[in-house]
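Following: one structure in structure tokens, then a few remarks.
Any read-out appearing in this document is the output of simple, stated calculations on the displayed coordinates, not a laboratory observation. From a predicted model like this one, the values you see are computed outputs, not experimental measurements. All Cβ positions, even for glycine, are placed from backbone atoms using ideal geometry, and neighbour counts span all protein chains on display.
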Amino acid sequence: MARTEVKTGKRASSKLGDFTMTPRSISISLLAVVIGAVSAFVALGLLKLIGLFTNLFFFQRWSTALVSPAGNHLGPWEILVPVAGAVIIGLMARYGSERIRGHGIPEAIESILINGSRVEPRLAILKPLSSAISIGSGGPFGAEGPIIMTGGAIGSMIAQFFHLTSAERKTLLVAGAAGGMSATFAAPLAAVLLAVELLLFEWKPRSLVPVALASATACAVRRYIIGLGPLFPVPAHSIFIGPQGLAGCVIAGLLAGGLSALLTLAVYACEDLFQHHMRIHWMWWPAIGGLAIGLGGFVFPQALGVGYDTISELLQGSVAHNVIWGILLVKSFIWAFSLGSGTSGGVLAPLLMMGGALGGLEAMILPNEGVGFWPLISMGAILGGTMRSPFTGIVFAFELTHDVNVILPLLVACVIAHAFTSMTLKRSILTEKVARRGYHLSREYAVDPLEILFVREVMRTNIAVLSPNLSRYDLPASLHNSRRGQRLYPAVSSDGTLLGVVTRKDLQKLVSHEAPGEQLADVIHKDSMVAYPDEPLRVVVYRMAETGLTRFPVIDDENSRKLVGIISLEDLLHARVRNLEEERRRERVLRIHLPFTGVPNVDEVQDSGVSNGAATGSSEIAD
């Protein structure tokens, strides 16, 4: 047995690229375009259903026009309308599908994380129907959560008819969700950003391209069947607001972050109230939430329904102070309470309304930057803080209003609100529900350290190698002299070419005469898996997972097969340690040297090792 210290040569790999997109993405993109077109009609159907049930419940007429429940003439009977709608939803949830309960977006996330992006076909019917009944009977919710879940269900159903992987089904599910949101709000870019920040859990062309095409298709189809945007036109604002205005945006972001945290805590406090203190079946919980909606709507009618008209008035600066306070107090309470009861409805539109009301209060104190400026800024900031999706909040506010001049103020306010809630709350209003079902969801996206570290950086080169001509009688001494930690021994020819590998267990069997043959060549595994110096560690990890092996010899290339080292699972852990060190180790790179003093500063003394007796030198990773 010989011990060899080998050096690696630099060789660029022609197989590595920036992205992993393949021609198969073309067929997935074509399917996504179809799903986007279908999602636009699904969005239209949901809006028509909301209008139909609103007219039936509050005005007893057959019409699909979107109207506000606030103009009804039911008097005190208005209190019972949301209760009736909630009873229907409870029955649908118990005897149809329990998954119709909730916001819509958490259910889409759960389908992706847990169910392999498979959605039950009946959910595509029950979710929009239950949401339309909930909103049409006065529920203070938005249509975006249900349409995201419904569009996702349509995308998943279409995907299930084809021979696709789970990742491809996920892409098409999200394409349907993004298409539904794009068609509902005429906000194609915000829909794509929402998909990336909340649903895809990756930033890859293979998924981004199909989702973007689906969103664009849905928005284009919307213009023929629903109409053009913007949904909420606003007066033009100044292109630059100055230092005082930017300082006001910081304040608006902090206030929006505080309100976002309160709303999130309120929703799940109400959910805990129902789950831990209600002794009746959960089917009846929405009815209790509906009673709260009815009472709140009787006191403050603007709290009922989606509230698009109220949002528009907030942005036009034509809302009285009592309406602003009613939104912040009544609307927020009945929204949190009814959502905690487990009814069906979305969160985006209510957040927009409450953010606009907060901005209406801020307009009384902060610098005057134009009509509707602070409601618009606070709307975006509330989305960035509550949903933890700052870019979605910025682009969504822009696409709803087409006011490009507010991009800079929105950036400041949304990021401040996002920072506030990220430091004060562990999870967002959307991911908390998933976490409560036992699943953790990380919202931070970064390049995998194993993707940017290569085999040559962590492999061991000071290793023991074997000659195939060794007999079983020569092996005991060789094994005694080898490192105890080495479990895999490469067999090499005289010129260093890899012939195969032998495990330590095989060697022990050969020595003890349990293995046939007299020489090492009789137990060599010649078809061993190998690694290459210029491969990312991620590739090696996948290879280990596929083969079940935890150690590979490393060769310079397939042609020469020169052995250059060994990589093992332990070496991959050392790569993780390097990443942790980069995250946690603090050091001063640039230092100030005092001239003409003749006395080294403290940093120089510590770096030289004088203070602790450290000696400089290099070391190898031990087996």
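Structure values in brief
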read-out: Ranked packing of 302-315, 165-178, 229-242, most packed first, by mean Cβ within 10 Å; value: 165-178, 302-315, 229-242
read-out: Burial order of peptide ranges 63-76, 27-40, 243-256 (average beta-carbon count within 10 Å, highest first); value: 27-40, 243-256, 63-76
read-out: Principal-axis tilt of helix 144-160 within the chain, Cα atoms, nearest 10 degrees; value: 50 degrees
read-out: Proxy reagent accessibility, fewest Cβ within 10 Å first, across SER389, SER467; value: SER467, SER389
read-out: Global size of segment 169-213 as Cα Rg and Dmax, reported in angstrom; value: 9.1, 25
read-out: Angle in degrees between helix 390-401 and the longest Cα principal axis of the chain, rounded to the nearest 10; value: 30 degrees
read-out: Burial order of peptide ranges 535-541, 158-164 (average beta-carbon count within 10 Å, highest first); value: 535-541, 158-164
read-out: Neighbour-limited loop hits for GluC sites (Glu not before Pro), segment 373-482 (at most 12 other Cβ within 10 Å; DSSP other than H, G, I, E, B); value: GLU444
read-out: Where Rh is the Kirkwood radius over Cα pairs, Rg/Rh for segment 449-580; value: 0.99
read-out: Pair-distance profile P(r), taking every C-alpha pair of segment 25-225, with 5 angstrom steps and integer %; value: 1, 9, 17, 20, 18, 14, 9, 6, 3, 1, 1, 0
read-out: Chain lengthening between LEU590 and ARG24 when straightened (0.36 nm per residue, less Cα-Cα); value: 198.8 nm
read-out: Rh by Kirkwood over Cα pairs, then Stokes-Einstein D for the chain at 0.890 mPa s and 25 °C, µm²/s; value: 87 µm²/s
read-out: Kirkwood estimate for segment 527-581, i.e. one over the average of 1/r between Cα atoms, Å; value: 11.7 Å
read-out: Top positive-direction residue, dipole computed over the chain with Cβ charges, set CYS414, SER68, THR310; value: SER68
